[in-house]
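Visitor: Below is the structure I would like to discuss, written out as C-alpha cells.
The values are calculated or read from the model by the stated rules, or taken from the named source; none is laboratory data. Everything numeric here is computed off the predicted structure, so don't read it as measured data. Note that each Cβ is placed from the backbone with ideal geometry, even for glycine, and that neighbours are counted across all protein chains shown. These accessible areas exclude ligands, DNA and RNA; they are computed on the full protein's heavy atoms, side chains included. Shrake-Rupley method; radii C 1.70, N 1.55, O 1.52, S 1.80 Å.
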Amino acid sequence: ISPATLSEIENNKLVLNVDRLVAISEALGVALEVLLPRSSSRHFEIVRRDDVQLSPAAPLKVVEPGGSLISYHNLLRPMAPTFIGKHMEPFLIQVKPALAESLQFICHHHDEFFFVLKGEVECLLKTPDGLVTERLGPGDSMYFWSYLPHCIRSTTAQPAQCIHLLHAAHGAT
C-alpha cells in the first residue's frame with residue numbers, strides 16, 4: 001500500500017474492499033475483527049482492568065528500511081481499541097529487557113508520553129545533540145517527540161509495565 005493510499009484509509013477517504021482488509025490483517029498479524037470497529041456512534045469507551053490485563057498482548061511490528069516487518073521487543077495492550085476518531089492512543093505496555101547488541105530504535109509521527117507503573121525502564125533517545133539515556137522508575141514519566149528514534153527497555157530481567165499515550169496532532173489514530 002502506498003503512503004497516499006494508507007493516508008486515505010486512515011482518514012476515512014477510501015473504503016477498503018474485503019481482499020485488501022484481509023491482506024492488511026495478515027500482514028500485521030492481527031485478527032480481522034481487530035480492524036473492524038464495533039460502532040462508530042459511541043461517545044465514550046470504558047475498558048475495565050480485567051479486560052486490558054487479560055487481553056492478548058499485541059507484538060509491535062516495525063518496518064525496516066528495506067520495507068520488511070520485524071517484531072519489536074515490547075508488547076502492547078490497547079486501552080481504547082474501539083473508540084472511533086480518536087487523536088490519542090493509550091496502551092498498557094509490557095516493557096521487556098533488550099540486550100545492547102539487539103536494540104531496535106523506532107520512530108513515528110506522534111507525540112509520546114509514558115508513565116512507569118512497575119519496574120524500571122531505560123529510554124534511549126537519538127536527539128540532534130546525540131544519544132540521551134534516561135532511567136525511570138515507578139511514578140516517573142517522560143514526554144518526547146516520537147519522530148526521534150527511540151528505544152524503551154526494562155533495566156532488569158523482569159518486564160516493566162507502563163502506560164503509553166500516543167498523540168497524533170495531524171489526524172485520528
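Visitor: In square angstrom, rounded to the nearest 10, how much accessible surface does His73 have for a 1.4 Å probe?
Guide: Rounded to the nearest 10, the figure is 30 Å².
Visitor: Once phi is turned into ³J(HN,Hα) by the Karplus curve 6.51 cos²θ - 1.76 cosθ + 1.60 with θ = phi - 60°, what whole-Hz value does each residue of segment 114-130 show in order, with x for glycine and proline?
Guide: Once rounded to whole Hz, the list reads 9, 10, 7, 8, 8, x, 10, 10, 10, 10, 9, 10, 8, 9, x, 8, x.
Visitor: Here's another thing I want to ask about it. Leaving out ligands and nucleic acids, and using a 1.4 Å probe, what accessible area per residue does segment 87-173 come to in Å²? Kindly include the intermediate steps, with their values, before the conclusion.
Guide: Numbers: 4620 Å² over 87 residues.
Solvent-accessible surface per residue comes out at 53 Å².
Visitor: Next up: Keeping all protein chains in place and using 1.4 angstrom, which order do Arg48, Arg77 fall into by accessible surface area, from largest down?
Guide: Correct descending sequence by accessible area is Arg48, Arg77.
Visitor: Continuing with this model, one more query. Among 120-133, 144-157, 15-28, how do they line up by average Cβ neighbours within 10 Å per residue, starting with the highest? Spell out each step's value before the answer.
Guide: Working: 120-133: 13.7, 144-157: 16.4, 15-28: 12.1.
Listed from highest to lowest mean packing, they are 144-157, 120-133, 15-28.
Visitor: Please give the contour-minus-distance gain from Leu21 to Arg49: 0.36 nm per residue of separation, less the Cα-Cα distance, rounded to one decimal in nm.
Guide: Taking 0.36 nm per residue and subtracting the Cα distance, the gain is 7.1 nm.
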